[in-house]
Amino acid sequence: MKLALVGTGRMGQAVEVLAQAEGHAIVARFDAAHPLLDARDPDDLNGAEVCIDFSLPDVALDHLHRYSFWGVDAVVGTTGWYDELGKVREWVAEGQNGVLYAPNFSLGVAVLVRALRGALPLLDQLSDYDPWVHELHHTGKVDSPSGTARLLADELLAGLARKERLDAETQHGAIAPEVLHVSSTRAGHLFGEHTIGFDSAMDQLSFTHIAKDRRAFAAGAVRAAAWVQGRTGLFTLDDMLEDVVGRGIGSSGHG
């Protein structure tokens with residue numbers, strides 16, 4: 001594939017190293033010094049077939065509009081724009097391009113979400129188990145809670161009738177029974193750790209994903225680029241995983 005990197009920070013650098021090791025070409029790079037929004041037309045992408053975007057939340061929506069306007073496929077790891085999903089879906093329909101977005105491109109997180117969905121129907125009937133979400137990241141993480149923590153919290157809210165809303169603030173008193181508490185820790189150089197817990201008076205159940213290297217996210221993003229290339233629509237990592245599982249977990253191309 002010919003790829004354009006939008007955001008050349010730590011994630012962009014990890015994507016570049018892994019993509020080149022797999023034989024893909026990085027044909028364009030955009031960052032704060034060379035913004036995508038300064039590009040005049042699709043020719044500035046130098047023939048890129050897919051843009052991989054790990055930029056910043058304040059430009060993510062404008063980038064998404066540009067991808068659809070140009071009709072170029074994109075993989076987007078930048079969060080902060082999910083309230084505008086309806087608008088982006090309209091842009092993608094008009095542009096006839098493919099966009100795959102995720103707050104976390106680790107395939108392990110996608111598997112964790114599926115495992116959680118499998119357990120929630122039973123846990124919904126076991127009201128003694130009170131759930132929570134906690135995440136840990138390095139001190140340079142700009143958002144809190146993380147997009148992945150919010151994704152996991154949304155799964156819990158959708159699957160548990162007894163939880164109606166999340167609260168990500170520090171609690172200074174008793175928490176209402178219908179509230180799902182989502183908490184964060186920022187320390188050191190942690191790549192990311194997410195835990196969903198269920199606590200009862202007699203025991204505790206937890207689901208945890210620990211990222212050990214940025215290559216896990218880079219590998220998922222490159223695999224997503226191969227999958228979304230040539231497709232039309234707005235997709236999530238779960239869509240890709242569903243397709244990959246259906247065709248055999250070893251396959252990474254698109255059909």
* Which of the following residues is closer than 27 Å to residue 191 by Cβ, free of Cβ contacts under 8 Å to residues at least 60 places away in the same chain and not aromatic (Phe, Trp, Tyr): 38, 31, 43? -> 31
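Residues are listed down the side, and each one gets a yes or a no for (1) modelled with pLDDT of 95 or more; (2) surrounded by fewer than 19 Cβ atoms within 10 Å (Cβ to Cβ); (3) aliphatic (A, V, I, L, M):
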| residue | (1), (2), (3) |
| --- | --- |
| 5 | yes, no, yes |
| 11 | no, no, yes |
| 15 | yes, no, yes |
| 30 | yes, no, no |
| 38 | yes, yes, no |
| 44 | yes, yes, no |
| 57 | no, yes, no |
* Asked: How many residues are touching a Phe, Trp or Tyr at 6+ places or on another chain (Cβ under 8 Å) and under 23 Å from residue 237 (Cβ atoms) when one looks only at the range 124-136?
  -> 1
* Whichever residue in the range 202-242 is among the aromatic types (Phe, Trp, Tyr) and at pLDDT 95 or above and, among such residues, is nearest to residue 19 (Cα to Cα) -> 227
* To do: For residue 113, work out the one condition from (1) closer than 19 Å to residue 237 by Cα; (2) of a type outside the set (Lys, Arg); (3) in a loop (DSSP other than H, G, I, E, B) it doesn't fulfil.
  => (3)
* Structure fact -> The one condition residue 173 fails out of (1) assigned to a loop (DSSP other than H, G, I, E, B); (2) in the same structural domain as residue 16 (by TED's automatic domain parsing) is (2)
* Asked: Among the residues of the range 94-115, which ones are surrounded by fewer than 20 Cβ atoms within 10 Å (Cβ to Cβ) and at pLDDT 95 or above?
  -> 94, 96
* Structure fact -> Screening 206, 184 for residues that are in a strand (DSSP E or B), loosely packed, with under 14 Cβ neighbours inside 10 Å and small (Gly, Ala, Ser) leaves only 206
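The values are calculated or read from the model by the stated rules, or taken from the named source; none is laboratory data. Fair warning: this is a prediction, and the values are worked out from it, not measured in the lab. Cβ sites come from the backbone with ideal geometry, for glycine too, and all protein chains shown count toward neighbours.
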